[in-house]
Amino acid sequence: MYRITLKIDGMHCGMCEAHVNDMVRDAADVKKVTSSHTKGETVILSETQPDTDAITAAIQAQGYRVLSVESESYEKKGLFHRK
């Protein structure tokens, strides 16, 4: 699983968050996406590595500015997870 964090400029409210989330879902097959206008970021969880260029292009086409994209492997820690 992958976790992609995008720093985004231009989100000012909850509707902006919902708009960005919808654009991400339309641009790529993702498991979960959450956005925060106060943090200025969107976090994506996906089973496969999504096309971050397509996601970035979709977001920027709507007037938001993607400042950075970070991708990392992600392992969900369940109730009985051991270190």
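Values as computed for the structure displayed
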| read-out | value |
| --- | --- |
| Residues satisfying the stated conditions in the stretch 38-56, i.e. part of a helix (DSSP H, G or I) and either under 19 Å from GLU17 (Cβ atoms) or touching a residue at least 40 places away in the same chain (Cβ under 8 Å) (or both) | THR52, ILE55, THR56 |
| Residue match in the stretch 9-21 (condition: among the aliphatic types (A, V, I, L, M) and either at pLDDT below 95 or part of a strand (DSSP E or B) (or both)) | no |
| Out of GLN49, GLN62, sole residue that is open to solvent by 80 Å² or more (accessible area, probe 1.4 Å), over 25 Å from GLU75 (Cβ atoms) and at pLDDT below 95 | GLN62 |
| Breaking point among (1) out of contact with any Pro (no Cβ under 7 Å at 6 or more places or on another chain); (2) within 17 Å of LYS7 (Cα to Cα), for ILE44 | (1) |
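For (1) more than 13 Å from the chain's Cα centre (by Cα); (2) in contact (Cβ under 8 Å) with a residue 60 or more places away in the chain; (3) in a loop (DSSP other than H, G, I, E, B), each residue gets a yes or a no:
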residue: VAL33; (1), (2), (3): no, no, no
residue: GLY63; (1), (2), (3): yes, no, yes
residue: VAL66; (1), (2), (3): no, yes, no
residue: GLU70; (1), (2), (3): no, yes, no
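The values are calculated or read from the model by the stated rules, or taken from the named source; none is laboratory data. A quick note: this is a predicted structure, and the numbers were derived from the prediction, not measured. All Cβ positions, glycine included, derive from the backbone under ideal geometry; neighbour counts span all protein chains shown. Heavy atoms of the whole protein, side chains included, go into the accessibility calculation; ligands, DNA and RNA do not. Shrake-Rupley method; radii C 1.70, N 1.55, O 1.52, S 1.80 Å.
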